[in-house]
Amino acid sequence: MLDEYLARIRAHRTNIHRYRRLLKSNLSDVERQFIEKRLTEEQTALEFLSAETFPLAFSLRKGRTCRKLVAEPRTTRAFRAA
């Protein structure tokens, strides 16, 4: 069952990459609108499927940066290079 979910996630990601690549090409307005609509649909489907497959996964809000999980060592004046 998990293999099926992972295959579907992989298919959505492949489609998203394809649509993004197509948007970089020379398209008419109608083609661009269609591709943008399909891209939005694929992203929504991927988010829904990912949330369903991995319900305990934490997600970051858009526009927020991830904090470092490992603290960086602090240097003191005694150990700083001159």
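The values are calculated or read from the model by the stated rules, or taken from the named source; none is laboratory data. These figures come from a predicted structure and were not determined experimentally. Neighbour counts run over all protein chains shown; Cβ positions are idealised from the backbone, glycine included. SASA here: full protein model, heavy atoms, side chains in, ligands and nucleic acids out. Shrake-Rupley method; radii C 1.70, N 1.55, O 1.52, S 1.80 Å.
In the stretch 46-58, the residues that are under 24 Å from residue 19 (Cα atoms) reach residues that are of a type in the set (Val, Ile, Thr) and at pLDDT 80 or above with C-beta atoms within less than 9 angstrom, at least six apart or across chains, in these pairs: 46/9; 46/16; 49/9; 50/9; 53/9.
Look at (1) modelled with pLDDT of 95 or more; (2) open to solvent by 100 Å² or more (accessible area, probe 1.4 Å); (3) of a type in the set (Asp, Glu) and you find that residue 47 fails only one, number (1). Considering the stretch 32-44, and only residues there that are within 14 Å of residue 8 (Cα to Cα) and among the polar types (S, T, N, Q), the residue that is least open to solvent (accessible area, probe 1.4 Å) turns out to be 43. Residues of the stretch 11-26 that are open to solvent by 100 Å² or more (accessible area, probe 1.4 Å) and not in a helix (DSSP H, G or I): 24, 26.
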